[in-house]
Structure formats: C-alpha cells, structure tokens
Amino acid sequence: MSKKNKKQQIKQKPAPTTTQSSVSFSLSKWFKKVVTTQPFALILIVIFIGLTVFLLGGGIYTVTTEGIMPSYYDGSKFYFLYPSSMSDQFVAETVITVMLYFMGFAGLLSIYQSTRNANKPRQAYMLLAVGISLILLSYIFLESAIDIKQAGF
C-alpha cells in the first residue's frame, strides 16, 4: 500500500462539539492551573492585605458617609485631621492613616525578611533595623495624629 492510499484511508474525525460538561471541565482545569500558580497567590495576598488596611484605616466610614470633606481650609492653613472629634474624620485623614498602616506593615515584612537572611548577617541586621524603624515611625505618627485630634484646633 502506498502512502497516498494510507492517507486516503485515514478518515478525519469530525470536530468535537462543545457540551456543558466539556466546557465546565476545561474551565475547572483552567481555574486549577490559575489558582496553583505562585503569582496568583501573591496577587490574592496583596489584595487581601490592601483591603484589610483600607478597612482598618476607616475606609468604610469614608465611603458610606455623605458630605464628607477631603480636608478643611480656614483661610490661612489646611486641616487634614478632624479637630476635637474621635468619631469623625476627613478623607485626607483616611489616606494618612492607611499610608501609616502600610508603613508599619512594610516594617513587619522587613523584619520577616531579616529572619530569612540569617546566612548574611549584615543584610539581616540592616533589614531588621529598617523594619524596626518603620514600625516605630508608624506608631509615633499614629499616636501624634490621635493627640492632634484630641487637642483640636
């Protein structure tokens, strides 16, 4: 039998039809591949941490309150922290708080990375010093913001 005859004898299969089960199987296979990849887990962790810091910084209050001002200007200077009230805040205060929380979280990550670099003592000490200083700065600025709010104008 020649090659030409063999090719003629091989019948081509019809194109597969897509059914609900084959689509769900391919989607589940795709979802499993996406979920098990490393970057996807990193993205989920970053989104979760960002949402958590947003909630801790007063994001829900800022989003749900109507008529909230970004800041206050009295003609001579800007006020970014709402004076004499611990239950009200400006949008700028939310942004400041969220940034300070992220700074503290970056300090915690830096301390964690310092423990992973134990075989490089100089780098470990530097990361530890940076982490501790970021946490302390974040704490000091947050406490001073609370003191400013309590004191008022």
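The values are calculated or read from the model by the stated rules, or taken from the named source; none is laboratory data. Here the structure is a predicted model, which means the values were calculated and not measured. Heads up, the Cβs are rebuilt from the backbone with ideal geometry, glycines too, and the neighbour counts pull from every protein chain shown.
Taken together, the criteria exclude Phe48 from residues that are modelled with pLDDT under 80, farther than 24 Å from Ser133 by Cα and part of a helix (DSSP H, G or I).
The set of residues in segment 71-89 being assigned to a strand (DSSP E or B) and either loosely packed, with under 14 Cβ neighbours inside 10 Å or modelled with pLDDT of 80 or more (or both) consists of Tyr72, Tyr73, Phe78.
Looking only at residues in segment 105-143 that are in contact (Cβ under 8 Å) with a residue 12 or more places away in the chain and of a type in the set (S, T, N, Q), which one is farthest from Ile45 (Cα to Cα)? Looking at residues that are in contact (Cβ under 8 Å) with a residue 12 or more places away in the chain and of a type in the set (S, T, N, Q), I get Ser133.
Among the residues of segment 127-153, those identified as of a type in the set (Ser, Thr, Tyr) and under 18 Å from Leu109 (Cβ atoms) are Ser133, Ser138, Tyr139.
Comparison of Thr18, Thr65 shows that the only residue that is β-branched (Val, Ile, Thr), under 18 Å from Lys149 (Cβ atoms) and either modelled with pLDDT under 65 or surrounded by 10 or more Cβ atoms within 10 Å (Cβ to Cβ) (or both) is Thr65. Of the candidates Ala118, Ala124, Ala106, Ala92, the single residue that is among the hydrophobic types (A, V, I, L, M, F, W, C), part of a helix (DSSP H, G or I) and at pLDDT below 90 is Ala92. Look at (1) within 17 Å of Phe90 (Cβ to Cβ); (2) at pLDDT 95 or above; (3) of a type in the set (S, T, N, Q) and you find that Ser144 fails only one, number (2). Restricting segment 51-70 to residues that are polar (S, T, N, Q) and part of a helix (DSSP H, G or I) leaves a set whose member that is nearest to the chain's Cα centre (by Cα) is Thr52. The single residue among Phe102, Phe90, Phe78 that is without any contact (Cβ under 8 Å) to a residue 12 or more places away in the chain and closer than 21 Å to Gly57 by Cβ turns out to be Phe78.
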